[in-house]
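Here is the structure we will look at.
The values are calculated or read from the model by the stated rules, or taken from the named source; none is laboratory data. These figures come from a predicted structure and were not determined experimentally. No Cβ is skipped: glycine too gets one built from the backbone with ideal geometry, and neighbour counts run over all protein chains shown.
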Amino acid sequence: MKAYVYGPGGATISDVAQPQPKGTQVLVRVRASALNRADTIMRKGHAHGASGGIGTVLGMEWAGEVAELGPNAKGVKVGDRIMGSGGAAFAEYTLADHGRLFHAPSNMNFEEAATLPVALTTMHNAVVTIGGVQPGQSVLVQGASSGVGLMAMQIARLKGAKLVIGSSTDAARRSRLKDHGADLAVDSSDPQWVDQVLKATNGEGVDLIVDQVSGKVASQNLAATKIKGRIVNVGRLGGTHADFNFDLHAARRIDYVGVTFRTRTIEEVREIFEEVRKDVWGAVESRTLQLPIDKVFAFDDIDQAFEHMEANRHLGKIVVTL
(Lines give C-alpha, C1' and ligand atoms only; values in the text may rest on other atoms or scores of the structure.)
Protein backbone atom coordinates (compact mmCIF):
# COMPACT_ATOMS: atom_id res chain seq x y z
CA MET A 1 0.00 0.00 0.00
CA LYS A 2 1.01 3.65 -0.38
CA ALA A 3 2.08 5.51 2.74
CA TYR A 4 3.91 8.72 3.64
CA VAL A 5 7.00 7.48 5.47
CA TYR A 6 9.88 9.29 7.15
CA GLY A 7 13.19 7.89 5.92
CA PRO A 8 16.89 8.82 5.82
CA GLY A 9 16.30 11.35 3.04
CA GLY A 10 13.14 12.82 4.56
CA ALA A 11 9.47 11.94 4.17
CA THR A 12 8.34 10.33 0.92
CA ILE A 13 5.42 8.35 -0.45
CA SER A 14 6.53 4.71 -0.32
CA ASP A 15 5.16 1.21 -0.73
CA VAL A 16 4.83 -0.58 2.62
CA ALA A 17 3.11 -3.70 3.86
CA GLN A 18 -0.57 -3.40 4.70
CA PRO A 19 -1.05 -3.74 8.48
CA GLN A 20 -3.14 -6.51 10.02
CA PRO A 21 -5.50 -5.88 12.96
CA LYS A 22 -4.90 -7.66 16.25
CA GLY A 23 -6.82 -7.69 19.51
CA THR A 24 -9.10 -4.64 19.72
CA GLN A 25 -7.69 -3.08 16.55
CA VAL A 26 -9.71 -2.08 13.50
CA LEU A 27 -8.22 -1.94 9.99
CA VAL A 28 -9.34 1.25 8.29
CA ARG A 29 -9.40 2.01 4.58
CA VAL A 30 -8.39 5.66 4.81
CA ARG A 31 -10.21 8.08 2.52
CA ALA A 32 -9.01 11.40 3.97
CA SER A 33 -6.45 12.56 6.53
CA ALA A 34 -5.92 15.97 8.13
CA LEU A 35 -2.59 17.63 8.91
CA ASN A 36 -1.59 18.65 12.44
CA ARG A 37 1.36 20.64 13.76
CA ALA A 38 2.89 17.53 15.29
CA ASP A 39 3.07 16.04 11.78
CA THR A 40 5.38 18.86 10.71
CA ILE A 41 7.69 18.06 13.64
CA MET A 42 7.92 14.37 12.76
CA ARG A 43 8.28 15.16 9.04
CA LYS A 44 11.51 16.95 9.96
CA GLY A 45 12.80 13.89 11.79
CA HIS A 46 12.04 14.94 15.34
CA ALA A 47 10.31 12.74 17.89
CA HIS A 48 6.81 13.48 19.15
CA GLY A 49 6.62 11.58 22.40
CA ALA A 50 7.33 7.95 21.51
CA SER A 51 6.51 8.54 17.84
CA GLY A 52 8.74 9.56 14.96
CA GLY A 53 12.02 8.54 13.42
CA ILE A 54 13.10 6.34 10.53
CA GLY A 55 10.31 4.13 9.19
CA THR A 56 7.46 6.09 10.78
CA VAL A 57 4.29 6.37 8.72
CA LEU A 58 3.18 9.92 9.47
CA GLY A 59 -0.30 11.28 10.17
CA MET A 60 -2.52 11.56 13.25
CA GLU A 61 -6.20 11.70 12.20
CA TRP A 62 -8.28 10.25 9.42
CA ALA A 63 -11.70 9.26 8.13
CA GLY A 64 -12.55 6.15 6.16
CA GLU A 65 -14.27 2.76 6.24
CA VAL A 66 -13.83 -0.34 8.37
CA ALA A 67 -12.03 -2.91 6.25
CA GLU A 68 -11.38 -5.65 8.81
CA LEU A 69 -11.77 -6.30 12.54
CA GLY A 70 -9.36 -7.71 15.07
CA PRO A 71 -10.70 -10.66 17.07
CA ASN A 72 -11.63 -8.50 20.08
CA ALA A 73 -12.79 -5.35 18.29
CA LYS A 74 -16.32 -4.23 19.16
CA GLY A 75 -18.73 -1.43 18.33
CA VAL A 76 -18.19 -1.33 14.55
CA LYS A 77 -18.62 -3.63 11.56
CA VAL A 78 -16.95 -3.96 8.18
CA GLY A 79 -18.12 -1.17 5.89
CA ASP A 80 -18.93 1.37 8.63
CA ARG A 81 -17.90 4.97 7.94
CA ILE A 82 -15.66 6.04 10.79
CA MET A 83 -13.18 8.71 11.85
CA GLY A 84 -10.50 8.60 14.49
CA SER A 85 -7.01 9.47 15.64
CA GLY A 86 -3.74 7.62 16.11
CA GLY A 87 -0.54 7.04 14.18
CA ALA A 88 0.04 6.22 10.51
CA ALA A 89 -2.90 8.20 9.13
CA PHE A 90 -1.16 9.16 5.86
CA ALA A 91 -1.61 5.74 4.28
CA GLU A 92 -4.15 3.79 2.30
CA TYR A 93 -4.79 1.62 5.37
CA THR A 94 -4.19 2.25 9.07
CA LEU A 95 -4.97 0.59 12.39
CA ALA A 96 -7.05 2.06 15.20
CA ASP A 97 -8.11 0.86 18.61
CA HIS A 98 -11.88 0.29 18.65
CA GLY A 99 -12.24 2.84 21.46
CA ARG A 100 -10.37 5.55 19.59
CA LEU A 101 -12.83 6.21 16.80
CA PHE A 102 -16.24 7.71 16.10
CA HIS A 103 -18.93 6.76 13.62
CA ALA A 104 -18.83 9.47 10.95
CA PRO A 105 -22.16 11.36 10.76
CA SER A 106 -24.09 10.67 7.58
CA ASN A 107 -24.23 14.39 6.72
CA MET A 108 -20.41 14.68 6.51
CA ASN A 109 -18.10 13.67 3.71
CA PHE A 110 -14.77 12.04 4.50
CA GLU A 111 -12.83 15.30 4.14
CA GLU A 112 -15.02 17.02 6.72
CA ALA A 113 -14.97 14.06 9.10
CA ALA A 114 -11.17 13.83 8.98
CA THR A 115 -10.83 17.33 10.43
CA LEU A 116 -12.57 16.56 13.73
CA PRO A 117 -11.11 13.72 15.85
CA VAL A 118 -8.01 15.47 17.23
CA ALA A 119 -9.74 18.81 17.79
CA LEU A 120 -12.84 17.32 19.41
CA THR A 121 -11.01 15.05 21.82
CA THR A 122 -8.22 17.48 22.68
CA MET A 123 -10.44 20.44 23.34
CA HIS A 124 -13.40 18.75 24.98
CA ASN A 125 -10.88 17.34 27.44
CA ALA A 126 -9.14 20.72 27.89
CA VAL A 127 -12.19 22.98 28.05
CA VAL A 128 -14.74 20.76 29.78
CA THR A 129 -13.10 17.85 31.62
CA ILE A 130 -9.92 19.58 32.82
CA GLY A 131 -10.87 23.24 32.37
CA GLY A 132 -14.27 22.80 34.02
CA VAL A 133 -15.94 25.60 32.08
CA GLN A 134 -19.34 26.57 33.47
CA PRO A 135 -22.21 28.60 31.98
CA GLY A 136 -21.58 32.32 32.40
CA GLN A 137 -17.80 32.06 32.65
CA SER A 138 -15.15 33.67 30.46
CA VAL A 139 -12.61 31.76 28.35
CA LEU A 140 -9.46 32.82 26.49
CA VAL A 141 -8.02 30.52 23.83
CA GLN A 142 -4.39 31.21 22.99
CA GLY A 143 -3.62 30.20 19.41
CA ALA A 144 -7.28 30.31 18.45
CA SER A 145 -6.89 30.28 14.67
CA SER A 146 -5.63 26.68 14.55
CA GLY A 147 -8.12 23.87 14.05
CA VAL A 148 -8.00 22.85 17.71
CA GLY A 149 -8.21 26.52 18.74
CA LEU A 150 -11.34 27.10 16.67
CA MET A 151 -12.87 23.99 18.22
CA ALA A 152 -12.01 25.18 21.74
CA MET A 153 -13.92 28.42 21.19
CA GLN A 154 -16.91 26.58 19.77
CA ILE A 155 -17.03 24.14 22.69
CA ALA A 156 -16.74 27.00 25.19
CA ARG A 157 -19.65 28.73 23.49
CA LEU A 158 -21.67 25.50 23.39
CA LYS A 159 -21.16 25.02 27.14
CA GLY A 160 -22.49 28.49 27.90
CA ALA A 161 -19.43 30.71 28.24
CA LYS A 162 -20.57 34.35 28.39
CA LEU A 163 -17.31 35.73 26.97
CA VAL A 164 -14.99 33.93 24.54
CA ILE A 165 -11.68 35.55 23.60
CA GLY A 166 -9.35 34.19 20.94
CA SER A 167 -5.76 35.16 20.16
CA SER A 168 -3.86 35.16 16.89
CA THR A 169 -0.76 37.07 15.83
CA ASP A 170 -1.96 37.19 12.22
CA ALA A 171 -4.29 40.12 11.47
CA ALA A 172 -6.20 38.36 8.68
CA ARG A 173 -6.91 35.28 10.78
CA ARG A 174 -7.68 37.40 13.83
CA SER A 175 -10.36 39.22 11.86
CA ARG A 176 -12.13 35.91 11.22
CA LEU A 177 -12.19 34.56 14.78
CA LYS A 178 -15.59 36.12 15.50
CA ASP A 179 -17.03 33.86 12.79
CA HIS A 180 -16.05 30.88 14.93
CA GLY A 181 -17.23 31.84 18.40
CA ALA A 182 -15.01 34.69 19.60
CA ASP A 183 -16.49 37.84 21.13
CA LEU A 184 -13.07 39.49 21.19
CA ALA A 185 -9.89 38.77 19.23
CA VAL A 186 -6.49 39.84 20.59
CA ASP A 187 -2.93 39.80 19.28
CA SER A 188 -0.75 37.95 21.80
CA SER A 189 2.36 39.64 20.34
CA ASP A 190 0.92 43.05 21.32
CA PRO A 191 2.18 44.06 24.81
CA GLN A 192 -1.29 45.51 25.51
CA TRP A 193 -3.25 42.29 25.04
CA VAL A 194 -3.51 41.58 28.77
CA ASP A 195 -5.01 45.03 29.32
CA GLN A 196 -7.59 44.30 26.63
CA VAL A 197 -8.58 41.08 28.37
CA LEU A 198 -8.80 42.79 31.76
CA LYS A 199 -10.94 45.55 30.30
CA ALA A 200 -13.32 42.99 28.79
CA THR A 201 -13.63 41.23 32.18
CA ASN A 202 -14.10 44.32 34.38
CA GLY A 203 -10.54 44.06 35.61
CA GLU A 204 -10.88 40.53 36.96
CA GLY A 205 -9.36 38.37 34.23
CA VAL A 206 -10.83 35.28 32.60
CA ASP A 207 -12.03 32.16 34.38
CA LEU A 208 -10.16 29.83 32.02
CA ILE A 209 -7.26 30.05 29.59
CA VAL A 210 -6.67 27.24 27.12
CA ASP A 211 -3.07 27.84 26.11
CA GLN A 212 -1.54 26.46 22.92
CA VAL A 213 1.26 29.03 22.79
CA SER A 214 3.12 29.00 26.14
CA GLY A 215 6.65 30.40 25.82
CA LYS A 216 6.72 34.15 26.30
CA VAL A 217 2.99 34.43 27.08
CA ALA A 218 3.20 32.19 30.17
CA SER A 219 3.49 34.97 32.73
CA GLN A 220 1.15 37.23 30.76
CA ASN A 221 -1.44 34.46 31.00
CA LEU A 222 -1.16 34.57 34.78
CA ALA A 223 -1.92 38.29 34.73
CA ALA A 224 -4.93 37.72 32.46
CA THR A 225 -6.47 35.00 34.66
CA LYS A 226 -8.76 35.86 37.55
CA ILE A 227 -8.08 34.87 41.14
CA LYS A 228 -8.80 31.12 41.50
CA GLY A 229 -8.97 30.82 37.71
CA ARG A 230 -7.59 27.99 35.61
CA ILE A 231 -4.99 27.60 32.88
CA VAL A 232 -4.83 24.41 30.81
CA ASN A 233 -1.56 24.10 28.91
CA VAL A 234 -2.30 22.22 25.68
CA GLY A 235 0.47 23.31 23.32
CA ARG A 236 3.82 25.03 23.22
CA LEU A 237 3.98 26.68 19.81
CA GLY A 238 5.71 29.70 21.36
CA GLY A 239 8.39 27.65 23.10
CA THR A 240 8.80 25.06 25.84
CA HIS A 241 10.90 27.26 28.15
CA ALA A 242 10.27 30.81 29.35
CA ASP A 243 10.01 33.07 32.37
CA PHE A 244 7.25 32.08 34.78
CA ASN A 245 6.11 34.42 37.55
CA PHE A 246 5.66 32.02 40.44
CA ASP A 247 4.69 34.83 42.82
CA LEU A 248 1.84 35.94 40.55
CA HIS A 249 0.77 32.32 40.12
CA ALA A 250 0.58 31.92 43.89
CA ALA A 251 -1.05 35.30 44.54
CA ARG A 252 -3.85 34.60 42.08
CA ARG A 253 -4.17 30.98 43.27
CA ILE A 254 -4.41 29.70 39.71
CA ASP A 255 -4.85 26.02 38.89
CA TYR A 256 -2.28 25.38 36.12
CA VAL A 257 -2.59 21.97 34.44
CA GLY A 258 -0.58 20.54 31.56
CA VAL A 259 -2.16 17.98 29.21
CA THR A 260 -1.00 15.80 26.33
CA PHE A 261 -2.09 12.60 24.62
CA ARG A 262 1.51 11.39 24.43
CA THR A 263 1.61 9.95 27.96
CA ARG A 264 -2.00 8.78 28.22
CA THR A 265 -2.84 5.11 28.33
CA ILE A 266 -5.24 3.63 25.80
CA GLU A 267 -7.80 3.33 28.60
CA GLU A 268 -7.54 7.07 29.25
CA VAL A 269 -7.87 7.86 25.55
CA ARG A 270 -10.93 5.62 25.25
CA GLU A 271 -12.51 7.50 28.15
CA ILE A 272 -11.89 10.85 26.41
CA PHE A 273 -13.58 9.58 23.23
CA GLU A 274 -16.51 8.30 25.29
CA GLU A 275 -16.92 11.68 27.04
CA VAL A 276 -17.13 13.40 23.65
CA ARG A 277 -19.79 10.91 22.54
CA LYS A 278 -21.84 11.38 25.71
CA ASP A 279 -21.55 15.14 26.05
CA VAL A 280 -21.37 16.86 22.65
CA TRP A 281 -22.02 14.31 19.92
CA GLY A 282 -25.42 15.78 19.13
CA ALA A 283 -23.69 19.08 18.37
CA VAL A 284 -21.29 17.26 16.02
CA GLU A 285 -24.15 15.56 14.17
CA SER A 286 -26.04 18.87 13.85
CA ARG A 287 -22.81 20.51 12.64
CA THR A 288 -22.89 23.04 15.46
CA LEU A 289 -19.33 21.86 16.10
CA GLN A 290 -17.43 21.82 12.83
CA LEU A 291 -14.18 23.12 11.37
CA PRO A 292 -13.52 25.01 8.16
CA ILE A 293 -11.37 23.29 5.57
CA ASP A 294 -8.70 25.63 4.27
CA LYS A 295 -7.54 23.44 1.39
CA VAL A 296 -7.72 19.85 0.15
CA PHE A 297 -4.76 18.15 -1.57
CA ALA A 298 -4.49 14.83 -3.35
CA PHE A 299 -2.30 12.33 -1.50
CA ASP A 300 0.32 12.50 -4.25
CA ASP A 301 0.64 16.23 -3.47
CA ILE A 302 1.13 15.78 0.27
CA ASP A 303 4.46 17.64 0.22
CA GLN A 304 2.60 20.67 -1.11
CA ALA A 305 0.09 20.28 1.72
CA PHE A 306 2.92 20.51 4.25
CA GLU A 307 4.41 23.51 2.48
CA HIS A 308 0.99 25.16 2.72
CA MET A 309 0.84 24.48 6.47
CA GLU A 310 4.37 25.70 7.09
CA ALA A 311 3.59 28.96 5.25
CA ASN A 312 1.32 29.57 8.28
CA ARG A 313 -1.35 31.58 6.51
CA HIS A 314 -4.21 29.08 6.63
CA LEU A 315 -7.32 29.18 8.81
CA GLY A 316 -8.84 25.80 9.60
CA LYS A 317 -7.74 22.37 8.49
CA ILE A 318 -5.60 21.13 5.62
CA VAL A 319 -6.71 17.74 4.27
CA VAL A 320 -5.27 15.12 1.94
CA THR A 321 -7.46 12.58 0.16
CA LEU A 322 -6.55 9.02 -0.73
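Structure summary
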read-out	value
Residue among GLY239, GLY205, GLY235 that is touching a Ser or Thr at 6+ places or on another chain (Cβ under 9 Å), modelled with pLDDT under 95, surrounded by 15 or more Cβ atoms within 10 Å (Cβ to Cβ) and not charged (D, E, K, R)	GLY235
Lone qualifier among ARG277, ARG262 - being out of contact with any helix residue (DSSP H, G or I) (no Cβ under 8 Å at 6 or more places or on another chain), assigned to a loop (DSSP other than H, G, I, E, B) and farther than 17 Å from SER145 by Cβ	ARG262
Selection count, region 208-225, where residues are part of a loop (DSSP other than H, G, I, E, B) and closer than 17 Å to ILE130 by Cα	1
Which listed residue is surrounded by fewer than 24 Cβ atoms within 10 Å (Cβ to Cβ) and in a strand (DSSP E or B), from ALA11, ALA96	ALA11
So GLY55, is it part of a loop (DSSP other than H, G, I, E, B) and either over 18 Å from LEU291 (Cβ atoms) or touching a residue at least 60 places away in the same chain (Cβ under 8 Å) (or both)	yes
Meets criteria (at pLDDT 95 or above and in a helix (DSSP H, G or I)) for LEU291	no
Residues located in region 16-52, provided they are in contact with a helix residue (DSSP H, G or I) (Cβ under 7 Å, 6 or more places away or on another chain) and either surrounded by 22 or more Cβ atoms within 10 Å (Cβ to Cβ) or without any contact (Cβ under 8 Å) to a residue 24 or more places away in the chain (or both)	ALA32, SER33, ALA34, LEU35, ASN36, ARG43
Condition check for ALA67: closer than 30 Å to LEU237 by Cα and in a strand (DSSP E or B)	no
Within region 76-129, considering residues that are charged (D, E, K, R) and in contact (Cβ under 8 Å) with a residue 24 or more places away in the chain, the one farthest from VAL296 (Cα to Cα)	ASP97
Residue check, GLU61 among the acidic types (Asp, Glu), at pLDDT 95 or above and either at positive phi or over 14 Å from the mean Cα position of the chain (by Cα) (or both)	no
Checking VAL5 against (1) surrounded by 15 or more Cβ atoms within 10 Å (Cβ to Cβ); (2) of a type in the set (A, V, I, L, M); (3) in a loop (DSSP other than H, G, I, E, B), the condition it does not meet	(3)
So GLU111, is it assigned to a helix (DSSP H, G or I) and surrounded by 15 or more Cβ atoms within 10 Å (Cβ to Cβ)	yes
Residue match in region 184-194 (condition: in contact with a Leu (Cβ under 7 Å, 6 or more places away or on another chain), modelled with pLDDT of 95 or more and surrounded by fewer than 24 Cβ atoms within 10 Å (Cβ to Cβ))	yes
Any hit, region 269-277, residues being aliphatic (A, V, I, L, M) and more than 17 Å from the chain's Cα centre (by Cα)	no
